[in-house]
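Below is one structure, written out as structure tokens; comments come after it.
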Amino acid sequence: MKKVYLDNAATTKVSGEVLAAMKPYFSRKYGNASEPHLWGAEAKQGINEAREKVASFLGAKPNEIFFTSCATESINLSHKGLIERIMNDELRIMNKKPHIITTQIEHKAVIETCKHLEKLGWAEVTYLPVDKYGLVSVEDVKRAIKLNTVLVSIMYVNNEVGTIQPIAEIGKLIKSINAIRQSNKRIFFHTDATQGIQYLDCNVDRLGVDLLSMTGHKLYAPKGIGALYVRLGTPLVRQQDGGGQELGLRAGTENVPYIVGLGKAIEIAEYQISNIKYQIERLRDKLIEGVLKIPGTKLTGHPEKRAPHIASFVIEGVEGEAMLLYLSEKGIAASSGSACTSGTLEPSHVLTAMGIPAETAHGSLRFSLGKDTTEEEINYVLEVLPKVAERVRKMAPKLLRDLNR
Ligand code: PLP
């Protein structure tokens, strides 16, 4: 059977070059990087080189890069670490909770972290709305800023619909506000760059961010490795206590092979970006054009300000999960924003924030392309999808009834 993997926003395969770079660190250079002997020094060198590669990609200094297990951990460390530190600062003495601004369309890693801080009573949070394209307005960010605002956290690219947020513009806004604030009242700016890292400019100075989260498995490194960029002078309390690894910010023996793998993946991304970006964009546009020919289909996300690898839709009268199963039968991997748990359908929080009615949101479908996606694969999807959509549409009322029972 033909197999077409179009779920690269969920995860990518580990590339051959990355795997080759990692291999020696499993069985030959296997030392503990904290030890002073030869084995330790080899491991430490692997980590240092990876740190330099990530730093170079972001236009940062190596001592501003901290390796974690994933983007979720990076986000938790960033937000909880900053708020814990600020809770002990002047704002607390003023009896005002630190204020966080984020959006309604963030990944759960951000939303749940913010909710946790609210629940603890450590922070108040504003969840900004978005427009019908999933775009946040810079004006809304400006209006939401208060005297006790300490953190603005806005994702670079939305993982469900691919919309690119105006991070550099928001960075400029925050910089201008910080310029007239006392240094101990400054606002820190975080972006979750998990879906932007492969294709967009992630230079932290051009973006104006103080904190940036990423994960390896969306760019051909393995699952279980991530990084957090922390601009020098950004106060964080570590969230994992123990030894002094990662410059004291994240305790625990380093996962050397995976760190090396992330370094290699970033290095490859740095020189490949401009080549593969246009190739992927072209295939994505062909896919969008073809899918929109199916009656009752709408593109979700911004028509132009969208990441090269994400093509997302809602198809009226179908249930996304059912589409995925039928596509999988035909060897095609895609994804749907609708979560189907315990027999009840919960529409995607991203699509509902964009004003898409719950019934329509159930019919969401996301294809995410990768560097190995071919024209032939796109043609195959365009051949199969209209038939699958028709088949699911015919069954939809019964399926929805069964799932809601
Ligand atoms: N943020 C975004 C935008 C994502 O797409 C993902 C993964 O899907 C994450 C965060 C979390 O990444 P991880 O599961 O590697 O922590």
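The values are calculated or read from the model by the stated rules, or taken from the named source; none is laboratory data. Quick caveat: nothing in here was measured; it's all calculated off a predicted structure. Because the Cβ atoms are built from the backbone with ideal geometry, glycine has one as well, and the counts that use them run over all protein chains shown. SASA here: full protein model, heavy atoms, side chains in, ligands and nucleic acids out. Shrake-Rupley method; radii C 1.70, N 1.55, O 1.52, S 1.80 Å.
Inclusion of Leu382 among residues that are open to solvent by less than 10 Å² (accessible area, probe 1.4 Å), under 28 Å from Ser15 (Cβ atoms) and in contact (Cβ under 8 Å) with a residue 24 or more places away in the chain is not warranted. Inside the range 1-44, can you point out the residues that are away from the ligand (no atom under 16 Å from the Cβ) and among the β-branched types (Val, Ile, Thr)? The answer is Val4, and nothing else.
Suppose the filter is touching a Gly at 6+ places or on another chain (Cβ under 8 Å), of a type in the set (Lys, Arg) and more than 13 Å from the ligand (Cβ to nearest atom); does Arg231 pass it?
Working: touching a Gly at 6+ places or on another chain (Cβ under 8 Å): no; of a type in the set (Lys, Arg): yes; more than 13 Å from the ligand (Cβ to nearest atom): yes.
When the stated conditions are applied, Arg231 does not pass them.
Tell me which residues, restricted to the range 160-185, are of a type outside the set (A, V, I, L, M), touching a residue at least 24 places away in the same chain (Cβ under 8 Å) and closer than 22 Å to Lys61 by Cβ.
So the first thing to find is which residues in the range 160-185 are of a type outside the set (A, V, I, L, M), and the list is 160, 162-163, 165-166, 169, 171-172, 175-176, 178, 181-185.
With touching a residue at least 24 places away in the same chain (Cβ under 8 Å) added as a condition, the list becomes 160, 162-163, 165-166, 169, 171-172, 175, 184-185.
Within the range 160-185, Gly171, Lys172, Lys175 qualify.
Of everything in the range 118-134 that's in a loop (DSSP other than H, G, I, E, B) and on the phi < 0 side of the Ramachandran plot, which residue is most open to solvent (accessible area, probe 1.4 Å)? Checked the range 118-134; the qualifying residue most open to solvent (accessible area, probe 1.4 Å) is Lys132.
Suppose the filter is closer than 23 Å to Tyr156 by Cβ and within 16 Å of the ligand (Cβ to nearest atom); does Leu58 pass it? So Leu58 does not fit the description; no.
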